[in-house]
Amino acid sequence: MSNLETEPEERICDDLPGTTNGIQILEPRLVPLGGPRAMTVRRTLPQRERSFIGAWCFVDHYGPDALGERSMNVPPHPHTGLQTVSWLFAGEVEHRDSAGSHAFVRPGELNLMTAGAGISHSEVSTPATTSLHGAQLWTALPDAHRHTAPFFERYVPQPVHHQGAVVRVFLGSLLGQVSTATTFSPLLGAQIDLPPHTEIALPVEAGFEHGVLLDTGAVALDDEPVPLHAIGYRAPGADVLVLATGDEPARVLLLGGAPLHEQIVMWWNFIGRSHDEVAAFRTAWQSDVIDGTDADGRFGTVANFDGPPLPAPPMPNVRLKPRE
């Protein structure tokens with residue numbers, strides 16, 4: 001899902017807190033997405049301590065949530081300047097977007113949407129889905145590529161075995177596995193499933209930042225325990241990451257990338273480079289789509305969605321500040 005907060009909060013970077021064993025722990029915060037039937041997600045990025053891991057700029061982790069009589073029904077909403085990375089552990093979500101794509105998000109299958117200059121999309125859980133469990137992630141597009149035309153890709157990584165673990169590389173490359181999905185800066189995304197009492201050494205790019213999001217079980221990153229649902233972050237410099245489990249199996253998402261070294265302004269579902277640019281994106285969405293003045297405008301139209309698009313929340317009363 002995307003960021004459906006009705007009062008999205010501005011997050012500003014402060015000085016980083018100390019680390020242990022070279023690992024910084026990023027704890028999640030609970031974010032209700034709004035509405036009586038909406039889900040609550042665990043957001044580990046962005047936060048005051050850190051805005052990026054490479055170009056990864058947004059990490060929502062959710063489930064396993066029993067839907068019962070509820071369902072995920074996210075109306076068409078906009079994005080600019082980013083890629084949405086949808087990765088499920090359980091459930092199924094139907095995706096439609098204004099670039100004409102129609103696809104299903106399923107466990108172990110990457111759905112990657114490049115918003116570029118502007119796109120809109122909807123997300124609806126399928127009727128057979130009774131539980132949802134997964135992660136919604138964004139990568140910020142570098143300035144040189146953020147006005148590209150929008151498009152959608154699907155990629156199914158093949159699982160490989162490494163020192164007892166099962167690894168699925170859905171973005172970038174690791175252990176000789178290379179994803180064909182498009183990236184605009186050096187990135188890594190992988191799911192790693194580890195049995196109990198297992199230690200693995202992963203050769204990684206020394207120039208990358210890395211984050212390990214713990215989904216289930218218990219794991220230590222370079223001898224530092226990572227709390228459940230938190231991210232263990234390591235700064236550039238390491239060419240090997242060591243993951244170890246105890247008495248139970250564990251599942252993690254490994255996120256990495258070269259430091260972006262760019263400032264962005266991120267608010268609601270928009271990424272821009274200034275307050276005024278983000279405000280202009282919001283104005284275009286409200287005028288072209290919500291008011292219906294231009295069906296062929298920046299954000300286009302999502303075909304075959306039964307219902308109105310999602311209005312943008314009001315802009316804050318202060319100017320948005322860039323983060324880096």
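The values are calculated or read from the model by the stated rules, or taken from the named source; none is laboratory data. Because the structure is a prediction, the values reported are computed rather than measured. Neighbour counts are summed over all protein chains in view; Cβ atoms, including those assigned to glycine, are modelled from backbone coordinates with ideal geometry. When the accessible area is computed, the model is the full protein with side chains, heavy atoms only, and any ligands, DNA or RNA have been set aside. Shrake-Rupley method; radii C 1.70, N 1.55, O 1.52, S 1.80 Å.
Can you work out which of the residues in the stretch 246-260 that are open to solvent by less than 20 Å² (accessible area, probe 1.4 Å) and in contact with a Ser or Thr (Cβ under 7 Å, 6 or more places away or on another chain) is farthest from Pro186 (Cα to Cα)? Walk me through it before giving the result.
We begin by selecting, within the stretch 246-260, every residue open to solvent by less than 20 Å² (accessible area, probe 1.4 Å); these are 250, 252-257.
Then keep just the ones that are in contact with a Ser or Thr (Cβ under 7 Å, 6 or more places away or on another chain); that gives 250, 257.
Working: Ala250: 27, Gly257: 5 Å.
Here the residue is Ala250.
Evaluate the following for Ser179: is it among the hydroxyl-bearing types (Ser, Thr, Tyr) and over 16 Å from the mean Cα position of the chain (by Cα)?
Numbers: among the hydroxyl-bearing types (Ser, Thr, Tyr): yes; over 16 Å from the mean Cα position of the chain (by Cα): yes.
Yes; evaluated as a whole, the condition is true for this residue.
With Thr139, Thr183 as the choices, which residue is hydroxyl-bearing (Ser, Thr, Tyr), at pLDDT 95 or above and in a strand (DSSP E or B)? Give the steps one after another, and end with the answer.
Working: Thr183 fails: in a strand (DSSP E or B).
Step by step, each of Thr139, Thr183 is checked, and only Thr139 is hydroxyl-bearing (Ser, Thr, Tyr), at pLDDT 95 or above and in a strand (DSSP E or B).
Residue by residue, here is whether (1) surrounded by 14 or more Cβ atoms within 10 Å (Cβ to Cβ); (2) part of a strand (DSSP E or B) holds:
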| site | (1), (2) |
| --- | --- |
| Val166 | yes, yes |
| Val169 | yes, yes |
| Gly189 | yes, yes |
| Asp193 | yes, yes |
| Ala206 | no, no |
| Ala220 | yes, yes |
| His229 | yes, no |
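Answer yes or no as to whether Arg146 is among the basic types (Lys, Arg), buried (at least 16 other Cβ atoms within 10 Å of the Cβ) and closer than 27 Å to Val252 by Cβ.
It is false that Arg146 is among the basic types (Lys, Arg), buried (at least 16 other Cβ atoms within 10 Å of the Cβ) and closer than 27 Å to Val252 by Cβ.
Looking at (1) more than 19 Å from Ala303 (Cβ to Cβ); (2) open to solvent by 30 Å² or more (accessible area, probe 1.4 Å), which is the one condition that is false for Thr129?
(2)
Any chance you could count how many residues in the stretch 74-113 are open to solvent by 10 Å² or more (accessible area, probe 1.4 Å), over 16 Å from Phe170 (Cβ atoms), touching a strand residue (DSSP E or B) at 6+ places or on another chain (Cβ under 8 Å) and assigned to a loop (DSSP other than H, G, I, E, B)?
5
Look through the stretch 208-218, keep the residues that are under 20 Å from His133 (Cα atoms) and part of a strand (DSSP E or B), and return whichever of them is most open to solvent (accessible area, probe 1.4 Å).
First, pick out the residues of the stretch 208-218 that are under 20 Å from His133 (Cα atoms): 211-218.
Filter again for part of a strand (DSSP E or B), leaving 211-216.
Numbers: Gly211: 1, Val212: 2, Leu213: 3, Leu214: 1, Asp215: 6, Thr216: 48 Å².
In this case the residue turns out to be Thr216.
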